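Colleague: Please see the structure below; I have some questions.
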Amino acid sequence: MSGHLLSLLLFLPVLGAVVIWMLPARAARGLTALVMLATLAAATSVLVVFDPGGPRFQLLERVLWVASLNVHYQVGVDGLSMLFLPATALVFLGSLVANWNLVHDAPRLHYSLLLLLQCATLGIFCALDTVLFFFFWELTLLPVYILLARWGATAGSVRVAARYFLIMLAGGVPLLLAFVLLACSQSVPTFDLLALLAAPLPRSTQYAVFMLCLVGFGVKVPLVPLHTWLPQFALAAPGSLTALLVGLKVGAYGLIRFAIPLAPDAAQDLHWLLAGLGTLTLIYGAVGILAQSNLRVGLACASICHVGLAVLGLAAFTASGAQGAVSLLLSFSVATGGAFVLLEFLRQRTGSTDINSLGGAAKTMPLLASGFLICGLAGVGMPGTSSFPGEFMLILAALWSHTGAGMAALFGLAIAAAGFLSLYRKAFFGPATRRQVLEAEDLRPREWAVLVILITLIGAIGLYPGPWLEIVRPAAEAWAAGVAR
Amino acid sequence: MSGFSEILWFEQGGLPLLAILQLLPLGGAAIVFAFKERTTAVVAGKAFALAELLLCIVVSSRINPASATLQLAERFAPLGYHVVVDGLSIVFLLVAALLTVLMTFYGMSRGMISPGRLFAVLLVAEAGLVGMLVTLNVAWFALFSALELWAVTYLLRRWASSRAETQALARFVQYQAFGLALFVAGCLVLGWGHADARGGRWSFDLFELAGAMPADRFQTAAFYLLFYGLAVRTPLFPLHGWLPNMAQHGLIAVAPALMVGVKVGIYAMLRFVLPLTPAAVLYWQPYVIGFAMAGVFFTAALAFQQTNLRRLLAFAVVSHTSLLVIGVFSLHEAGIQGAVLLAANFGLAVTGMWFVVGFVFRRTGTTELDELSGLFERIPFLAIAFLIFGLAIVGMPGTPGFDAAHLILEASIDNFGALSTVAAALGNVAAAGFLLWAFQRAFLSQGKHGSPDVDRTTPMEYLVCGIALLAMLVIGFFTEPWLHLTEAASQSLAARFVQ
């Protein structure tokens with residue numbers, strides 16, 4: 001059974017998306033919840049089956065897909081990617097709950113697209129063939145486009161949806177080019193990631209591949225100056241969708257999995273570019289938080305800020321840098337995803353996430369306020385939360401390899417924390433004036449459950465990070481060894 | 001040395017399938033025509049279209065795709081009759097047969113006047129298409145081309161949907177007659193060249209022409225005449241002037257689908273132009289590619305200017321056809337293979353979009369983008385079908401365009417370097433831009449008067465769009481058999497250009 005665990009994980013959501021259309025519309029939501037729970041269970045069992053001491057890539061499955069192009073359906077996980085699977089399943093479940101009562105029209109379409117998006121996102125983390133990866137990568141666009149255009153939060157969301165789609169499609173161009181270039185550079189064209197990792201490339205090809213990947217993934221990460229879609233997107237998208245796209249760090253994962261290991265020499269030579277972009281992104285995100293009056297955009301900026309830190313830490317090309325980056329990204333998936341879900345609860349109650357129309361929200365909604373505080377603190381890397389170990393390792397790695405950039409990063413993180421707390425204070429404390437805030441009701445049991453899971457995870461990993469870091473460590477060491485070649 | 005080889009039909013056993021393939025739609029047309037407007041005419045029309053599709057599937061199962069040899073050949077020397085099929089042409093044949101079947105369903109669901117006559121003409125057009133796709137004789141090709149053009153002209157005249165039809169029709173006839181004249185002139189130059197070399201014996205057969213290619217300037221002249229003759233038909237920027245008018249004013253889905261659903265222009269370039277004028281092709285390759293690149297972007301820019309959904313689709317066709325020409329003229333095995341698959345993909349996708357537009361027109365009586373709004377609420381299936389067809393054109397994963405785009409990119413990296421490849425790929429993004437924009441304006445926008453109260457999707461509409469979607473997704477996920485089918489033929493064609 002465990003031989004096909006990853007395929008099961010990938011096809012469960014697709015199966016669910018098909019079955020939805022065979023049942024009456026009112027059953028769609030319940031079925032989706034069931035499928036997502038099953039997916040979470042499958043993703044958790046990957047965690048159990050995976051042997052951290054074993055070979056690097058496990059649960060490998062390889063089926064010839066397109067023989068003439070030498071494309072395989074090849075999936076597998078290692079310590080770097082494995083933890084993203086349960087995190088993805090969890091964030092999707094949270095997003096479903098956040099939207100629980102909001103989908104009234106065409107529920108079957110909505111939920112089947114959500115499941116399709118889940119399959120594509122899980123696929124991104126499992127794929128070990130560049131074409132398969134690209135397939136999943138582009139497959140995310142269709143559901144996101146329809147979900148955003150059809151169920152967007154604002155009148156302009158149709159435009160934002162098209163913009164997102166086109167920017168991501170354009171971002172896919174350099175990526176596809178890089179993969180084709182990689183394939184053509186081998187004696188027998190191949191898209192097999194494992195084979196590509198084993199075969200060193202000439203330096204000039206490496207430069208091209210690295211730059212193309214940097215642009216392609218940089219759009220998704222997003223790295224400044226390719227970030228322009230994100231603030232608009234965070235405003236226009238329904239909260240649940242923002243949680244998915246901002247919470248799940250596929251762009252940074254792409255850098256770790258593809259860009260750097262496939263072109264190690266070029267990455268080493270261009271370490272200043274990677275570190276510089278990381279620092280720039282970090283500072284930009286931090287300053288961005290200060291300028292925001294909307295909690296959602298503020299959170300999006302905090303996310304930009306931390307991905308910047310992860311990229312900066314990666315530029316050290318050490319095992320602890322990679323380990324730190326993966327654990328920070330994971331923690332962030334859960335924390336930011338959770339925070340966006342909580343903001344969606346808040347928006348449903350008060351009709352807004354802008355601090356000017358909130359104020360004093362903690363009085364009527366103490367649970368929501370404290371939950372958001374915990375997620376937010378995890379978001380700024382408070383010791384005791386799940387983000388701290390990763391952040392600490394990243395800062396150490398950065399200080400060691402790029403001291404100046406590391407100092408700047410510390411400064412930027414302080415600004416980010418200050419910015420977040422200031423936003424938080426204005427939104428949740430002070431006198432409550434608006435009627436919606438005064439009459440708001442605190443979290444309901446269903447919402448409570450999401451919160452408890454999130455806080456348990458954040459606290460447990462924060463206080464006892466050892467086992468989680470141990471899962472990542474061997475793979476991170478292998479990664480660093482591969483890059484250091 | 002012509003470099004061609006063939007296997008005659010009786011050596012492969014069975015029946016002269018290609019002759020049946022050509023006669024079936026012709027006979028069908030006669031029978032349907034004889035039924036006049038009785039309901040049996042409609043049933044017979046559908047039955048013949050389906051039978052032709054089945055026959056195409058039988059043919060595709062009979063040929064051996066691993067060999068580059070032309071297969072199931074039939075010859076009748078006195079008339080110059082010479083037909084074959086190989087891995088490339090079978091793809092086009094299947095698309096032509098499938099589209100005809102879909103058009104018969106579509107014609108019923110739109111509730112056209114005198115469907116019996118419509119089906120008869122449709123079958124004549126199919127016969128023309130099939131004839132063009134199997135013949136190896138350029139004169140026969142021109143003849144079948146004329147037959148198909150006559151059928152389309154008749155369709156446009158009898159079932160036009162608006163008053164500007166006369167102008168559109170006149171433009172169509174002028175352009176096509178001109179294109180055909182160029183092509184015929186090209187054939188004459190080739191035949192003359194052959195006569196010159198072989199002591200006054202004229203021939204228009206590919207095998208013989210390839211053995212006596214005209215020299216230097218005559219080859220260039222032949223290349224230009226053939227290429228531009230086909231470019232009108234394809235249509236290729238800047239010779240596309242007939243299409244937008246016809247698309248806007250003509251019979252909505254059927255006529256454009258017949259003209260651009262099956263890319264016979266691209267097919268004829270592969271079958272005749274590349275092997276018969278290799279030196280000229282090599283010499284003019286950069287110019288053709290340059291024009292095609294310009295065409296991708298120029299027509300994409302024009303598409304953004306359109307206010308009518310049907311015109312917009314016409315420009316989308318011109319834009320992506322330019323991409324096909326880039327694939328063909330890469331003269332690279334992967335590029336040719338990619339172009340063939342992409343041609344099938346585009347044909348299916350664009351026809352699907354045209355069907356949806358036709359269904360929308362039946363409900364709203366207009367295809368002006370300003371007057372359409374909020375259709376998504378009432379006909380979500382058709383809206384999503386439109387979106388998926390649109391994304392298929394852009395090469396969304398899960399459609400044949402995905403792997404085909406890989407192939408064309410691979411070829412153009414090999415031949416022209418990264419820069420022009422990026423340009424071509426960005427042309428795709430531009431196409432995504434205007435297709436999404438059209439989708440939003442027609443299906444998602446909120447109109448002044450709220451959402452219109454149009455009919456829900458009918459079963460026939462589910463069927464037509466469902467079949468097209470299914471065909472596309474199946475080919476998209478299981479590309480391997482199609483790649484296998486086209487591989488050997490593409491290789492042997494590309495091998496002609498390896499110095």
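Derivation of every value follows stated rules applied to the coordinates shown; laboratory data play no part. Everything quoted here is computed from the prediction, not taken from an experiment. Don't worry about glycine lacking a Cβ; one is built from the backbone with ideal geometry, like all the others, and counts go over all protein chains shown.
Colleague: Hey, got the dipole for segment A:270-485? About the Cα centre, +1 on K and R Cβ, -1 on D and E Cβ, debye to the nearest 20?
Modeller: That gives a dipole near 380 debye.
Colleague: Here's another thing I want to ask about it. Can you list the residues of segment A:418-449 with backbone N under 17 Å from a point 7 Å past the Cα of residue A:363, pointing along Cα to Cβ?
Modeller: A:425-442
Colleague: Between Rg and the Kirkwood Rh of segment A:270-485, both from Cα atoms, what is the Rg to Rh ratio?
Modeller: That ratio is 1.02, to two decimals.
Colleague: Can you pull the one-decimal nm distance between simple spin-label points at residue B:157 and residue B:366, each 7 Å off the Cα toward Cβ?
Modeller: The answer from the label model is 3.2 nm.
Colleague: What 222 nm value per residue comes from the helices of chain B, counting each DSSP H run with n ≥ 4 as -39,500 (n - 2.57) and dividing by all residues, nearest 500 deg cm²/dmol?
Modeller: The helix contribution divided over chain B gives -24000 deg cm²/dmol.
Colleague: Hey, another quick one. With all pairs of different alpha carbon atoms counted, what Kirkwood hydrodynamic radius in Å does segment B:376-486 show?
Modeller: 16.0 Å
Colleague: Please compute the length gained on full extension between residue B:453 and residue B:484, using 0.36 nm multiplied by the number of residues separating them and subtracting their Cα-Cα distance.
Modeller: 6.4 nm
Colleague: Note down the nm distance, to one decimal, between modelled labels 7 Å out along Cα→Cβ at residue B:10 and at residue A:481.
Modeller: Spacing of the two 7 Å Cα→Cβ label points: 7.0 nm.
Colleague: Treating cross-link reach as a plain straight distance, find the lysines whose alpha-carbon is under 17 Å from the alpha-carbon of residue A:363, omitting any fewer than eight places away in the same chain.
Modeller: Partners found: A:426.
Colleague: If the reach is capped at under 22 angstrom between alpha carbons, list the lysines near residue B:36, excluding any in the same chain fewer than eight residues apart.
Modeller: B:46
Colleague: Can you list the aspartates and glutamates whose alpha carbon sits under 14 Å from that of residue B:263, skipping same-chain ones fewer than 8 residues off?
Modeller: The reachable aspartates and glutamates, counting only those whose Cα sits under 14 Å from residue B:263, are B:126, B:148.
Colleague: A further question on this structure: Efficiency by 1/(1 + (r/R0)^6): what FRET value for residue B:37 and residue B:61, r their Cβ-Cβ distance, R0 = 30 Å, to the nearest 0.05?
Modeller: Once the sixth-power term is evaluated, E becomes 0.25.
Colleague: Exposure proxy check: A:363, B:263 ranked by fewest other beta carbons within 10 Å?
Modeller: A:363, B:263
Colleague: Assuming R0 = 25 Å, what is the FRET efficiency of residue A:439 and residue A:291, from their Cβ-Cβ distance, to the nearest 0.05?
Modeller: The formula returns an efficiency of 0.25 here.
Colleague: Å³ per residue of the Cα convex hull, for segment B:353-399?
Modeller: Convex hull of Cα atoms, per residue: 78 Å³.
Colleague: Let me ask you something else. Charges on Cβ only, +1 for Lys and Arg, -1 for Asp and Glu, centred on the Cα centroid of segment B:201-359; of B:278, B:207, B:328, which one is farthest towards the dipole's positive end?
Modeller: The residue sitting farthest along the positive end of the dipole is B:328.
Colleague: On average over all directions, what projected area in square nanometres does the protein assembly as shown have, based on the convex hull of its Cα atoms?
Modeller: With the hull built on Cα positions only, its mean projection is 39.6 nm².
Colleague: Let me ask you something else. Report, in debye and to the nearest 20, how large the dipole of the protein assembly as shown comes out about its Cα centre when Lys and Arg carry +1 and Asp and Glu carry -1 on their Cβ.
Modeller: 2180 debye
Colleague: How far apart, in nm, are the 7 Å Cα→Cβ label points at residue B:467 and residue A:64?
Modeller: Distance between the two pseudo-spin positions: 3.3 nm.
Colleague: With +1 on the Cβ of every Lys and Arg and -1 on the Cβ of every Asp and Glu, and nothing else charged, how large is the dipole of segment B:6-495 about its Cα centre, in debye rounded to the nearest 20?
Modeller: 1340 debye
Colleague: P(r) tail for chain B, what percent of Cα pairs lie past 37 Å?
Modeller: 22 percent
Colleague: Expected output is a single nm value to one decimal: the length gained when fully extending between residue A:453 and residue A:22, i.e. 0.36 nm times separation in residues minus the C-alpha distance. What is it?
Modeller: 152.0 nm
Colleague: Given a Förster distance of 30 Å, report the FRET efficiency between residue A:422 and residue A:44 from their Cβ-Cβ distance, rounded to the nearest 0.05.
Modeller: For R0 = 30 Å, the calculated efficiency reads 0.20.
Colleague: Within 15 Å, Cβ to Cβ, of residue B:73, how many net charges do the neighbouring residues add up to if Lys/Arg are +1 and Asp/Glu are -1?
Modeller: -3
Colleague: Now a separate question. Can you give me the Cα centroid spacing of segment A:427-485 and segment B:372-404 in angstrom?
Modeller: After rounding, the separation between the Cα centres reads 37 Å.
Colleague: Okay, next question. Grab the Cα-Cα distance for residue B:173 and residue B:474, subtract it from 0.36 nm times how many residues apart they are, and report the gain in nm with one decimal.
Modeller: Contour length minus Cα-Cα distance gives 104.6 nm.
Colleague: If you don't mind, another one. Using only C-alpha atoms and all pairs of different ones, pull out the Kirkwood radius for chain A in Å with one decimal.
Modeller: One over the average 1/r among Cα pairs gives 22.3 Å for chain A.
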